[in-house]
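Reading through the structure tokens given below for one structure.
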Amino acid sequence: MSVFNLRLESVQRKTGGRIHLTPRVPRSGPVTTLCGQTLAAGSFVAVERDADCTNCLRRSRDPSRISGAFFEQEEGSQLLQLSLEQARARRPAGKGPSAPGKPIVRVLPTPPSIPDRTGELLTAGFKPAGEGLWRSPAGVLVRMRKQGRDWRFAELVFEGSVVATRQDGAIRLRAGDVEMRPSADGYEVRIKRP
């Protein structure tokens, strides 16, 4: 019987009974069938008839069972050879190894461009850390919230010294390397100037 391009051999007890499948009928020693029976040395014979053991037939359609049986009988090299042949047959034309000395050119995706400003945040020096979330080099997190079509300052998180100063009826804030100062239309959040 041939399954997955492998030839399974048929074996039967000398006393008769069901015909089983095995990867290879050995010349001497015991044989293990696909259904898991071990037939003792000299108690079986190879036959040229189709198998009639329902468990062997069912397991012959399971690639993992067949693979396991081949490796149990140390016939794994046949399985590996077949696998290599199938892989070579599947390789599309022109996909062979590249010629020596020929450089391999890979196109890497370009990172998305960061605008100079996102609403009230001047992005120079900040790194995006999520939707509307920016991180400064010193670890200050600035959360922006979308209001209509524009982004507005929503929250600042920093585990360190924070200085808040009243300035013309508004608050100026310094946290780590970030400063937030009042502007004509709200606030301006930026990395502190040296």
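A Cβ distance below 9 Å, combined with a sequence gap of six or more or placement on separate chains, defines the contacts here; from the stretch 155-175, residues that are over 14 Å from V140 (Cα atoms) reach no residue that is among the aliphatic types (A, V, I, L, M) and part of a loop (DSSP other than H, G, I, E, B).
Among what's in the stretch 10-31 and is β-branched (V, I, T) and farther than 16 Å from G68 by Cβ, pick the residue that is surrounded by the most Cβ atoms within 10 Å (Cβ to Cβ). Filtering first and then ranking leaves V11. Could you check the stretch 37-61 and list, in sequence order, the residues that are in contact with a strand residue (DSSP E or B) (Cβ under 7 Å, 6 or more places away or on another chain) and on the phi > 0 side of the Ramachandran plot? The answer is none; no residue qualifies.
Would a scan of the stretch 103-110 turn up a residue that is in a loop (DSSP other than H, G, I, E, B) and either under 18 Å from Y187 (Cα atoms) or in contact with a His (Cβ under 8 Å, 6 or more places away or on another chain) (or both)? No, the stretch 103-110 contains no residue that is in a loop (DSSP other than H, G, I, E, B) and either under 18 Å from Y187 (Cα atoms) or in contact with a His (Cβ under 8 Å, 6 or more places away or on another chain) (or both). For the stretch 148-162, the set of residues classified as exposed (fewer than 14 other Cβ atoms within 10 Å of the Cβ) and closer than 8 Å to A175 by Cβ consists of G160, S161, V162, listed by residue number. Here S98 clears all of (1) assigned by TED's automatic domain parsing to the domain that holds G186; (2) at pLDDT below 90 except the condition numbered (1). The sole residue among R152, R145 that is outside any loop (DSSP other than H, G, I, E, B), over 14 Å from L122 (Cα atoms) and either within 36 Å of the chain's Cα centre (by Cα) or assigned by TED's automatic domain parsing to the domain that holds L122 (or both) is R145.
Yes or no: G125 in the same structural domain as L156 (by TED's automatic domain parsing), surrounded by 14 or more Cβ atoms within 10 Å (Cβ to Cβ), at pLDDT 70 or above and not aromatic (F, W, Y)? Judged against the criteria, G125 is a match.
The values are calculated or read from the model by the stated rules, or taken from the named source; none is laboratory data. Everything numeric here is computed off the predicted structure, so don't read it as measured data. In this analysis, Cβ positions are derived from the backbone assuming ideal geometry, glycine residues included, and neighbour counts consider all displayed protein chains.
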